Amino acid sequence: MNCELCQAHEATVHLTQVIDGSIKKLHLCEACAQKNGFDMQGPISITDILLGMGGKREEAAAPTSERSCPRCHMRRSDFKKSGRFGCSACYEAFAEDLPSLLRAMHRNDRHIGKVPAIAARRVQFIKELSDLQQALDQAIAEEKYEKAAKIRDRITACRASMEQG
Amino acid sequence: MNIDTLLDNTGAWMSSGDDEQIVITSRIRLARNLKNSAFPGWGGVEECARIWSSLRPRLAGLPSIQPEIDVGMDELEELDKQILLERHLISREQVEKGRGSGLILSADELVSVMVNEEDHLRIQVLQSGLNLATAWEKIDQLDSEIESQTEYAFSDALGYLTSCPTNVGTGMRASVMMHLPGLVLMEEMNPIIKGLGKIGLTVRGLWGEGTEAIGNFFQVSNQMTLGEREADIVYNIEQIAREIVEHEKNARARLVEKKELFLKDHIGRAYGILTHAHLLTTKEALDLLSDLRLGVDLGILKSVGRQTVDELLMTAQPGHLQKLEGKALKPKDRDRVRAKRVRERLSRGDSKPKRQSRTHE
């Protein structure tokens, strides 16, 4: 089989990637592989592959406009190198990269396991607030102002206890 | 704090199990991080030191841990770190850490928390035998206790946020340590490893990631942490472990039935080498002791008890060996001392080891 890029030399580098659930195969000759930033000596990290390869090219092309985490200042290239995030806010900062990464690593892309009590209470509060808000809107629409005032008081109380945790 | 006290027993991970002793231990670890701090690998030593000094007293005060050991990595001698590693109480990564990282450990070694390893908290609960359900119950409770004092990094969509996205979600790795000499001798282990990989489970060696299966010990654990409930992960691995135990029993039965001479010869040779060798590397010692363990389990070897074998499996490891000798030894000297200790221990039979080896210098 010949290299898919130059079609001239025999393909000796065979890469298989799973991107968004579909398997993509790439067959390259050594020269083209190296030109495209595959370091034959160094290990190829899964994050490198999943984040779109060609680490070398990318670093040279756009070092200034690189995305980074606003809280811990980890850059996308730092993450690519180590495969580890800098802080919990990185999950938002690099949210674009996550779906393909997580799909390759895990069963699903949504957590269905244990929820800390604090987070569980917060979810409960948010649901309660949205229910109350709906009831308030309805009461106002129906011009039941006495009822609306009572609902408003409950919303205030709910917000207060939410802030107290 | 005294690491030496740990040496008085063979360690929780080897103390008891089911009758067959095929499953040695069940272990669950949870990766947790603090909401507003950078992860240990990125935050720097000063940030880690601040977190460790704030977490240390809080963790040590938890009733479910009742710590025996509560120690910073910078307060430990290299040899003590090695002992903790060999007892599965800290990881290789934690061994490399110094100031700002630490360990909280219960007296029975069943509960431990590594602080500032890859994540701020790595909580571990160990149970002997096949008992992941109990391990989950205990660690779930401990985790909730810690969480009531410390706000974790958590997202409704992604669960517990971890330094490495491979752990995000439940942050849980549940693993079962198994002794599978029958399957190895029948050359049936590789298809099992491949099969487990297809259903999202990983098989690793005695010391975890990237280690070979020394002594026919294998750890089976979940690879995925996102999109599955903890209880389901635990249930799945327990079911799979039961199946592997059946396969192992089956392989042993076939060995006895169809290859008895080969089996007896294999075990007899292991015994012969262990009782007469003057140089033993760790790998050779553990591999041969594994054969002895099989011999004991099958009733082929009657002159040695399993407790003796299990004790040697622990003390033949480099850290334990040097600790018992009371000094650091070069690899070549270790091989000599290891062989001597194994010879002496096996010739002494099943009586409890004498403690004269731990002289205070």
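Could you tell me whether any residue of segment B:128-141 is within 13 Å of chain A (Cβ to nearest Cβ), open to solvent by less than 10 Å² (accessible area, probe 1.4 Å) and either touching a strand residue (DSSP E or B) at 6+ places or on another chain (Cβ under 6 Å) or of a type outside the set (Phe, Trp, Tyr) (or both)?
Going through segment B:128-141, the residues within 13 Å of chain A (Cβ to nearest Cβ) turn out to be B:136-137, B:139-141.
Subset that is open to solvent by less than 10 Å² (accessible area, probe 1.4 Å): B:139.
Then keep just the ones that are either touching a strand residue (DSSP E or B) at 6+ places or on another chain (Cβ under 6 Å) or of a type outside the set (Phe, Trp, Tyr) (or both); that gives B:139.
Yes, the conditions are met somewhere in segment B:128-141.
Do the conditions hold for residue B:59, that is, is it within 20 Å of the chain's Cα centre (by Cα) and either in contact (Cβ under 8 Å) with a residue 40 or more places away in the chain or away from every other protein chain (no Cβ under 14 Å) (or both)? Full working, then the answer.
On the way: within 20 Å of the chain's Cα centre (by Cα): no; either in contact (Cβ under 8 Å) with a residue 40 or more places away in the chain or away from every other protein chain (no Cβ under 14 Å) (or both): yes.
Judged against the criteria, residue B:59 is not a match.
Of the residues A:79, A:125, only one is among the aromatic types (Phe, Trp, Tyr) and farther than 22 Å from residue B:119 by Cβ; which?
Numbers: A:79 fails: farther than 22 Å from residue B:119 by Cβ.
Step by step, each of A:79, A:125 is checked, and only A:125 is among the aromatic types (Phe, Trp, Tyr) and farther than 22 Å from residue B:119 by Cβ.
Look at residue B:267 and say whether it is within 14 Å of another protein chain (Cβ to nearest Cβ) and modelled with pLDDT of 95 or more.
Values: within 14 Å of another protein chain (Cβ to nearest Cβ): no; modelled with pLDDT of 95 or more: yes.
Taking the combined requirement at face value, the residue does not satisfy it.
Which condition number does residue B:221 fail, the rest of (1) more than 14 Å from every other protein chain (Cβ to nearest Cβ); (2) among the polar types (S, T, N, Q); (3) over 28 Å from residue A:79 (Cα atoms) being met?
Status for residue B:221: all satisfied but (3).
Only residues that are more than 7 Å from chain B (Cβ to nearest Cβ) and either among the polar types (S, T, N, Q) or in contact (Cβ under 8 Å) with a residue 24 or more places away in the chain (or both): list them for segment A:103-125, please. Break it down into steps so the answer makes sense when it comes.
To start, the set of residues in segment A:103-125 that are more than 7 Å from chain B (Cβ to nearest Cβ) comprises A:103-104, A:115, A:120-122, A:124-125.
Correct list: A:103, A:104, A:121, A:122, A:124, A:125.
Within segment A:100-113, can you find the residues that are within 16 Å of residue B:160 (Cα to Cα) and either open to solvent by 30 Å² or more (accessible area, probe 1.4 Å) or among the small types (Gly, Ala, Ser) (or both)? Break it down into steps so the answer makes sense when it comes.
Filtering segment A:100-113 for residues within 16 Å of residue B:160 (Cα to Cα) gives A:102, A:105-113.
Once the filter is applied, which keeps residues that are within 16 Å of residue B:160 (Cα to Cα) and either open to solvent by 30 Å² or more (accessible area, probe 1.4 Å) or among the small types (Gly, Ala, Ser) (or both), segment A:100-113 yields A:107, A:108, A:109, A:110, A:112, A:113.
Residues to consider are B:105, B:84, B:89, B:6; find the one that is modelled with pLDDT of 90 or more, assigned to a helix (DSSP H, G or I) and of a type outside the set (Ser, Thr, Tyr).
B:84
Output the residues belonging to segment A:63-97 that are at positive phi and at the interface with another protein chain (Cβ under 7 Å from one of its Cβ atoms). Before you say what the answer is, go through the steps one by one.
As a first pass, look at segment A:63-97 and keep what is at positive phi: A:73, A:83.
If the condition is that a residue be at positive phi and at the interface with another protein chain (Cβ under 7 Å from one of its Cβ atoms), then A:83 is the only one that fits.
Looking only at residues in segment B:301-320 that are surrounded by 19 or more Cβ atoms within 10 Å (Cβ to Cβ) and over 17 Å from the mean Cα position of the chain (by Cα), which one is nearest to residue B:336 (Cα to Cα)?
B:308
Residue B:352 - would you say it is surrounded by fewer than 16 Cβ atoms within 10 Å (Cβ to Cβ) and either in contact with an Asp or Glu (Cβ under 8 Å, 6 or more places away or on another chain) or at pLDDT 90 or above (or both)? Can you show your working first?
Details: surrounded by fewer than 16 Cβ atoms within 10 Å (Cβ to Cβ): yes; either in contact with an Asp or Glu (Cβ under 8 Å, 6 or more places away or on another chain) or at pLDDT 90 or above (or both): no.
No.
Condition test on residue A:100, is it modelled with pLDDT under 90 and more than 13 Å from chain B (Cβ to nearest Cβ)? I'd like the intermediate steps shown before the answer.
Working: modelled with pLDDT under 90: yes; more than 13 Å from chain B (Cβ to nearest Cβ): no.
It is false that residue A:100 is modelled with pLDDT under 90 and more than 13 Å from chain B (Cβ to nearest Cβ).
Suppose the filter is at pLDDT below 75, open to solvent by 20 Å² or more (accessible area, probe 1.4 Å) and within 14 Å of chain B (Cβ to nearest Cβ); does residue A:50 pass it? Show your work before the answer.
Details: at pLDDT below 75: yes; open to solvent by 20 Å² or more (accessible area, probe 1.4 Å): yes; within 14 Å of chain B (Cβ to nearest Cβ): yes.
Judged against the criteria, residue A:50 is a match.
On the given criteria, is residue B:281 of a type in the set (S, T, N, Q) and more than 14 Å from chain A (Cβ to nearest Cβ)?
Numbers: of a type in the set (S, T, N, Q): yes; more than 14 Å from chain A (Cβ to nearest Cβ): yes.
Against the criterion (of a type in the set (S, T, N, Q) and more than 14 Å from chain A (Cβ to nearest Cβ)), residue B:281 qualifies.
From the residues in segment B:102-121 that are farther than 16 Å from residue B:164 by Cα and acidic (Asp, Glu), which one is least open to solvent (accessible area, probe 1.4 Å)?
Restricting to residues being farther than 16 Å from residue B:164 by Cα and acidic (Asp, Glu), the top hit is B:109.
For segment B:225-240, enumerate the residues that are buried (at least 21 other Cβ atoms within 10 Å of the Cβ) and not in a helix (DSSP H, G or I). Even if it seems obvious, please write down each step before you answer.
In the first step, residues of segment B:225-240 are kept if they are buried (at least 21 other Cβ atoms within 10 Å of the Cβ); the result is B:225-226, B:228, B:230, B:233-234, B:237.
Once the filter is applied, which keeps residues that are buried (at least 21 other Cβ atoms within 10 Å of the Cβ) and not in a helix (DSSP H, G or I), segment B:225-240 yields B:225, B:226, B:228.
Name the residues in segment B:164-196 that are among the hydrophobic types (A, V, I, L, M, F, W, C), open to solvent by less than 10 Å² (accessible area, probe 1.4 Å) and under 30 Å from residue B:42 (Cα atoms), would you?
B:168, B:172, B:174
Has segment A:151-158 got at least one residue that is within 14 Å of chain B (Cβ to nearest Cβ), under 30 Å from residue B:34 (Cβ atoms), part of a helix (DSSP H, G or I) and in contact with a helix residue (DSSP H, G or I) (Cβ under 6 Å, 6 or more places away or on another chain)? Quick ask: steps written out before the conclusion?
Going residue by residue through segment A:151-158, those that are within 14 Å of chain B (Cβ to nearest Cβ) are none.
No, there is no match, as no residue in segment A:151-158 is within 14 Å of chain B (Cβ to nearest Cβ), under 30 Å from residue B:34 (Cβ atoms), part of a helix (DSSP H, G or I) and in contact with a helix residue (DSSP H, G or I) (Cβ under 6 Å, 6 or more places away or on another chain).
Tell me whether segment B:145-154 contains one or more residues that are crowded, with 22+ Cβ neighbours inside 10 Å, within 14 Å of another protein chain (Cβ to nearest Cβ), among the hydrophobic types (A, V, I, L, M, F, W, C) and out of contact with any Leu (no Cβ under 9 Å at 6 or more places or on another chain).
No, every residue in segment B:145-154 fails to be crowded, with 22+ Cβ neighbours inside 10 Å, within 14 Å of another protein chain (Cβ to nearest Cβ), among the hydrophobic types (A, V, I, L, M, F, W, C) and out of contact with any Leu (no Cβ under 9 Å at 6 or more places or on another chain).
The values are calculated or read from the model by the stated rules, or taken from the named source; none is laboratory data. If you're wondering where the values come from, they're calculated on a predicted model, not measured in any experiment. Positions of Cβ are generated from backbone atoms using ideal geometry, with glycine treated the same way; all protein chains shown enter the neighbour counts. These accessible areas exclude ligands, DNA and RNA; they are computed on the full protein's heavy atoms, side chains included. Shrake-Rupley method; radii C 1.70, N 1.55, O 1.52, S 1.80 Å.
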